[in-house]
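The values are calculated or read from the model by the stated rules, or taken from the named source; none is laboratory data. Since this is a predicted model, take the numbers as computed values, not measurements. Note that each Cβ is placed from the backbone with ideal geometry, even for glycine, and that neighbours are counted across all protein chains shown. Just so you know, the surface numbers come from the protein's heavy atoms only, side chains and all, with ligands and any DNA or RNA stripped out. Shrake-Rupley method; radii C 1.70, N 1.55, O 1.52, S 1.80 Å.
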Amino acid sequence: AIRLITNSHYRADTAPLFERCKILTLPEIHVFKTALFMYRIHHDVAPVSFDNMFVRNSQIHNYDTRSRSKYHVPAFNLDTMKLSIRVKGVYIWNFVNSNVDVFCSFASFKISLRKFLLGNEAVADIIP
């Protein structure tokens, strides 16, 4: 579809086309939507059923570490658990939290997150 929008050759590389049109790719959209969900969790605006799903490191131990304010990645044995929102959401939020200002309104967070994700190659390396 991006090739039709830009009137490009049918075998043209799509990465520069997405960047030129300032459109998020599918992995970037996935990170964007997950980060928006985690923003709601962080600011206690998410539904009540998600209250106990995410735990901060400060709730796990009392040591004063650099990652004390980050969310705790739950232990998991299966690789399929890595795809769940409990694990993926924590990885994405901890990455976004260190790169984008999260203490702002929801609308300005969306704008700054979208600007950060556009063409950022580190998005593919968020989840180990």
**Asked** Checking residue 107 against (1) surrounded by 15 or more Cβ atoms within 10 Å (Cβ to Cβ); (2) over 14 Å from the mean Cα position of the chain (by Cα), which test does it fail?
**Response** (1)
**Filter result (outside any helix (DSSP H, G or I) and surrounded by fewer than 17 Cβ atoms within 10 Å (Cβ to Cβ)) within the range 85-104** = 98, 99, 101, 103, 104
**Fill in**
The condition of being open to solvent by less than 50 Å² (accessible area, probe 1.4 Å), modelled with pLDDT of 85 or more and aliphatic (A, V, I, L, M) holds, among 26, 117, only for 117
**Request:** State whether the residues of the range 35-52 include one that is modelled with pLDDT under 90, over 19 Å from the mean Cα position of the chain (by Cα) and open to solvent by less than 60 Å² (accessible area, probe 1.4 Å).
**Result:** no
**Prompt:** When you scan the range 42-67, how many residues do you find that are in contact with a strand residue (DSSP E or B) (Cβ under 9 Å, 6 or more places away or on another chain), among the basic types (Lys, Arg) and assigned to a loop (DSSP other than H, G, I, E, B)?
**Reply:** 0
**Asked** Consider residue 56 against the criteria (1) closer than 19 Å to residue 31 by Cβ; (2) surrounded by 10 or more Cβ atoms within 10 Å (Cβ to Cβ): it satisfies all of them except one. Which criterion is unmet?
**Response** (1)
**Prompt:** Is it the case that the range 9-19 has a residue that's among the hydrophobic types (A, V, I, L, M, F, W, C), closer than 20 Å to residue 127 by Cα and either at pLDDT 85 or above or touching an Asp or Glu at 6+ places or on another chain (Cβ under 6 Å) (or both)?
**Reply:** no
**Request:** Check off (1) among the β-branched types (Val, Ile, Thr); (2) modelled with pLDDT of 90 or more; (3) surrounded by fewer than 12 Cβ atoms within 10 Å (Cβ to Cβ) for residue 65 and give me the number that stays unchecked.
**Result:** (2)
